[in-house]
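The values are calculated or read from the model by the stated rules, or taken from the named source; none is laboratory data. If you're wondering where the values come from, they're calculated on a predicted model, not measured in any experiment. FYI the Cβ positions are ideal-geometry reconstructions off the backbone, even for glycines, and counts take in every protein chain you see. For the accessible areas, the whole protein counts, side chains as well, though only heavy atoms, and no ligand, DNA or RNA atoms are used. Shrake-Rupley method; radii C 1.70, N 1.55, O 1.52, S 1.80 Å.
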Amino acid sequence: MDTANLFTAALQLPDPWKVGSVQFRDVEDGGRELHMGIGFKPGSRFPCPQDGCVQADCMVHDTRERVWRHLDFFRYKAFIHAAVPRVICSQHGVGTVGAPWARPGSGFTLLFEAWAAEPAKHMPAGVLAGLVGQSDTRLWRFIAHYAQEARRLLDCTGAEAIGIDETSRKGHGYITVVADPAEHDVVDVTPGKDSSTVERFARDFMDHNGVPEYVRSVTCDMSLGLQKGVREHLPNARRIVDRFHVIKHANEAVDEVGKTQGRGNKLLKKTKYLWLGNERSLSPARLQTKRNLMRQRLKTARACRMRETLRDIYQDSQSPAGAYGGLTRLCSWMTRSRLEPMKRFAALIRRHCHEIMAYFHHPYANAILEGLNSIIQNIKRRARGLRNMDYFATMIYLNSSNLDLKAVTTN
């Protein structure tokens with residue numbers, strides 16, 4: 001078997017396509033590239049490229065030269081060159097025949113796209129782009145295509161609970177992530193963080209066989225926009241404010257107290273993360289520093305003790321009634337504390353008491369969002385090479401949606 005026939009068989013080209021030439025070319029950086037020329041037999045006829053047309057023996061009108069990046073051949077970049085025919089159909093006129101080795105409009109072969117889609121889950125865009133020698137823009141264009149195609153296979157039939165959380169990239173705005181607590185994966189990523197995000201989710205949910213009226217519980221934060229969206233578009237759902245978001249607000253209140261007091265107290269210089277961090281993550285020296293500061297008559301130390309009491313309520317409450325009693329006492333303490341950020345936090349708890357207490361009836365609701373937030377924070381750190389929020393959303397789908405990429409990349 002000669003080289004041309006060998007590569008024709010390796011590429012699994014259907015008749016009448018065949019490899020006509022195989023050559024290595026020197027490039028400017030001193031390396032070499034493999035270039036394969038594909039053609040078709042003289043006198044070949046092709047089906048009309050128009051969907052639904054039954055004409056299968058259209059004559060070739062002319063050809064257009066195209067180039068596709070293919071999988072590397074050992075350590076050499078590989079490219080396919082082909083004169084793609086345009087055919088004449090008696091019903092639809094002149095149309096371009098699709099290349100069996102590539103998607104229409106793509107500059108990559110199907111095999112290359114299938115290979116690159118998988119490592120995109122695990123490495124930054126810039127690293128992957130450098131690895132394959134392509135721009136990240138071209139790369140993420142087809143990765144996003146396959147992520148969306150795989151999402152079409154999503155089936156939300158019977159879903160009765162969802163978790164909603166928003167996240168942002170500095171300088172790039174917000175996106176809202178919707179997860180299925182039962183399946184432990186993301187079902188929708190949509191821009192914004194107001195009531196319209198719930199509306200867009202509800203439409204997408206219905207496109208995937210979900211029924212908004214069947215949703216019975218929504219785990220989310222205390223955003224008034226989300227509250228309005230859930231009320232209007234998920235009318236039978238009960239809102240559950242999860243532990244993660246309540247403690248996040250507590251941390252913000254403690255940080256505000258620390259910033260205010262720290263302006264005039266040298267003891268608090270460079271101690272922000274002593275108050276906000278988990279004690280288990282502190283080194284022995286920093287833990288001892290925090291304990292010493294806790295014994296001082298500091299407003300920040302008092303606010304920190306309130307936040308720790310809140311954590312204890314979530315961790316140790318044996319029943320919803322016990323949790324309610326603990327929150328009531330904590331709110332009274334914060335209200336009398338003369339610490340304005342803690343007083344505002346107490347008022348926030350009271351305004352959303354019904355939704356916060358719902359968590360203690362459904363404590364499982366917190367796990368999916370906390371786990372999801374950890375994944376998204378990791379994606380943020382890796383996403384510096386992504387140019388816009390659409391690519392960021394694609395990364396979330398790839399890492400958190402259990403997409404079946406093989407189902408859409410296998411030709």
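Taken together, the residues in the stretch 355-390 that are in a helix (DSSP H, G or I), within 23 Å of Gly322 (Cβ to Cβ) and modelled with pLDDT of 70 or more amount to 7.
Restricting the search to helices (runs of 4 or more DSSP H) fully inside the stretch 58-163 and requiring at least 3 residues that are touching a Ser or Thr at 6+ places or on another chain (Cβ under 7 Å) gives 110-117, 136-151.
The set of residues in the stretch 249-292 being in contact with a helix residue (DSSP H, G or I) (Cβ under 8 Å, 6 or more places away or on another chain) and farther than 28 Å from Leu348 by Cα consists of Leu267, Lys269, Leu282, Arg286, Leu287, Thr289.
Report, by residue number, each residue of the stretch 206-234 that is of a type in the set (Asp, Glu) and surrounded by fewer than 16 Cβ atoms within 10 Å (Cβ to Cβ).
First, pick out the residues of the stretch 206-234 that are of a type in the set (Asp, Glu): 207, 213, 221, 232.
Asp207, Glu213, Glu232, listed by residue number.
Taken over the stretch 282-304, residues that are part of a helix (DSSP H, G or I), free of Cβ contacts under 8 Å to residues at least 24 places away in the same chain and open to solvent by 90 Å² or more (accessible area, probe 1.4 Å) amount to 3.
Scan the stretch 243-260 for residues that are open to solvent by less than 40 Å² (accessible area, probe 1.4 Å) and over 26 Å from the mean Cα position of the chain (by Cα) and jot them down.
Ala250, Ala253, Val254, Asp255, Val257, Gly258
The residue that is farthest from Gln227 (Cα to Cα), among those in the stretch 310-353 that are among the hydroxyl-bearing types (Ser, Thr, Tyr) and part of a loop (DSSP other than H, G, I, E, B), is Ser337.
Looking only at residues of the stretch 121-135 that are surrounded by fewer than 21 Cβ atoms within 10 Å (Cβ to Cβ) and closer than 21 Å to Val189 by Cα, we find that the one that is nearest to the chain's Cα centre (by Cα) is Lys121.
Among the residues that make up the stretch 178-186, is at least one of them over 19 Å from Leu405 (Cβ atoms) and open to solvent by less than 10 Å² (accessible area, probe 1.4 Å)? Within the stretch 178-186, one or more residues are over 19 Å from Leu405 (Cβ atoms) and open to solvent by less than 10 Å² (accessible area, probe 1.4 Å). Of the residues making up the stretch 21-51, those that are more than 13 Å from Pro100 (Cα to Cα) and open to solvent by less than 60 Å² (accessible area, probe 1.4 Å) number 11.
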